[in-house]
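Worksheet: one structure, shown below.
The values are calculated or read from the model by the stated rules, or taken from the named source; none is laboratory data. For clarity, every value in this text was computed on a predicted model and none was experimentally measured. Please note: Cβ atoms are built from the backbone with ideal geometry, for glycine as well, and neighbour counts cover all protein chains shown.
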Amino acid sequence: MDFSELETRIGYCFRNKDLLKTALTHSSYANEEGHGRDNERLEFLGDSVLGFITAEYLFSLYRNRPEGELTKLRAALVCEKSLFRYAGTFGLGDALLMGHGEEMTGGRTRPSVVSDAFEALLAAIYLDGGLEPASAFVLPFIKEAVRHESDFRDNKSLLQEKVQQNKNDTLTYVGVDEYGPPHNKRFVVEARVNGKTVGVGEARSKKEAEQAAAGKALEFLSRQTK
């Protein structure tokens, strides 16, 4: 079976082609054929390899972030939705070996199937060539996702991090108004840095208004630094 096109797309040529075939073999195919291994064991290993590579990268990139923030960001970067998106950039679903029934029910585009195969493929690269090619394969996806980190994190967290760059600055949220009938009340909140208003948000709840105020503050502070 020729997987050379996929190897070209991922930028890695396997020495052991059987590893690649196993990584691409869904359990439905193995069961239908009555022989061969599926990719579930490789997926198990790939999950750990992916977690390690991502954690090491985030640890080095964000030297002042606490463990809790790094854990949340790593979880977002390696979740099923993210892996499915990474895999889609090189058409992994199209290369999978799967049984007729699984394919007829949309297995090639099912996020759980494709994201599992992505982890299995990473494990196969790791076993075939070691940590260096495994990192070379997966880090571009992680780095690109980190560039759009705001997709994973809320405005209040992003603003808090920005303010903490100067240890003498303090961030507070102050409710300045609320109006409207009980069933449709609106809240107005100001985000203040050292007592100075840098963003104002309005929403149906105080928490949502704080998030809106943080978003406005981020826009304001971004303009100030240009």
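Values as computed for the structure displayed
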| read-out | value |
| --- | --- |
| Residue in segment 150-160 that is aliphatic (A, V, I, L, M) and either surrounded by 18 or more Cβ atoms within 10 Å (Cβ to Cβ) or modelled with pLDDT under 90 (or both) present | yes |
| Segment 76-94 residues that are under 17 Å from THR25 (Cα atoms), paired with ones that are surrounded by fewer than 17 Cβ atoms within 10 Å (Cβ to Cβ) and among the polar types (S, T, N, Q) (beta carbon under 6 Å, 6 or more apart) | GLY93/THR109 |
| Restricting segment 176-204 to residues that are small (Gly, Ala, Ser) and in contact with a helix residue (DSSP H, G or I) (Cβ under 6 Å, 6 or more places away or on another chain), the residue that is surrounded by the most Cβ atoms within 10 Å (Cβ to Cβ) | ALA191 |
| Filter pass, LEU24 being touching a strand residue (DSSP E or B) at 6+ places or on another chain (Cβ under 9 Å), farther than 27 Å from LYS162 by Cβ and not small (Gly, Ala, Ser) | yes |
| Criterion: among the hydrophobic types (A, V, I, L, M, F, W, C), under 18 Å from THR109 (Cα atoms) and buried (at least 20 other Cβ atoms within 10 Å of the Cβ) - qualifying residue of LEU50, LEU83, LEU77, LEU73 | LEU83 |
| Residue that is modelled with the lowest pLDDT [pool: residues in segment 99-111 that are surrounded by 11 or more Cβ atoms within 10 Å (Cβ to Cβ) and under 26 Å from the mean Cα position of the chain (by Cα)] | GLY107 |
| Flag if GLU119 is assigned to a helix (DSSP H, G or I) and over 18 Å from the mean Cα position of the chain (by Cα) | no |
| Residue check, SER112 within 24 Å of SER157 (Cβ to Cβ) and out of contact with any Gly (no Cβ under 6 Å at 6 or more places or on another chain) | no |
| Leading residue by the ranking (surrounded by the most Cβ atoms within 10 Å (Cβ to Cβ)) among those in segment 18-38 that are out of contact with any Gly (no Cβ under 9 Å at 6 or more places or on another chain) and not in a helix (DSSP H, G or I) | LEU24 |
| Pair list, Cβ < 9 Å and 6+ apart or interchain, from segment 165-184 residues that are over 20 Å from GLN211 (Cβ atoms) to residues that are loosely packed, with under 10 Cβ neighbours inside 10 Å and not acidic (Asp, Glu) | GLN165/ASN64 |
| The lone exception for LYS167 - which of (1) surrounded by 12 or more Cβ atoms within 10 Å (Cβ to Cβ); (2) in a loop (DSSP other than H, G, I, E, B); (3) of a type in the set (Lys, Arg) it fails | (1) |
| Sole residue being hydrophobic (A, V, I, L, M, F, W, C) and touching a Phe, Trp or Tyr at 6+ places or on another chain (Cβ under 6 Å), chosen from LEU77, LEU58, LEU83 | LEU83 |
| Among the residues listed as ARG15, ARG41, the single one being surrounded by fewer than 14 Cβ atoms within 10 Å (Cβ to Cβ), without any contact (Cβ under 8 Å) to a residue 12 or more places away in the chain, over 28 Å from GLU161 (Cβ atoms) and touching a helix residue (DSSP H, G or I) at 6+ places or on another chain (Cβ under 9 Å) | ARG41 |
| Total residues in segment 180-189, condition in contact with a Gly (Cβ under 7 Å, 6 or more places away or on another chain) and not hydrophobic (A, V, I, L, M, F, W, C) | 1 |
| Qualifying positions in segment 41-60 - under 17 Å from ALA87 (Cα atoms) and not hydrophobic (A, V, I, L, M, F, W, C) | GLU43, GLY46, ASP47, GLY51, THR54 |
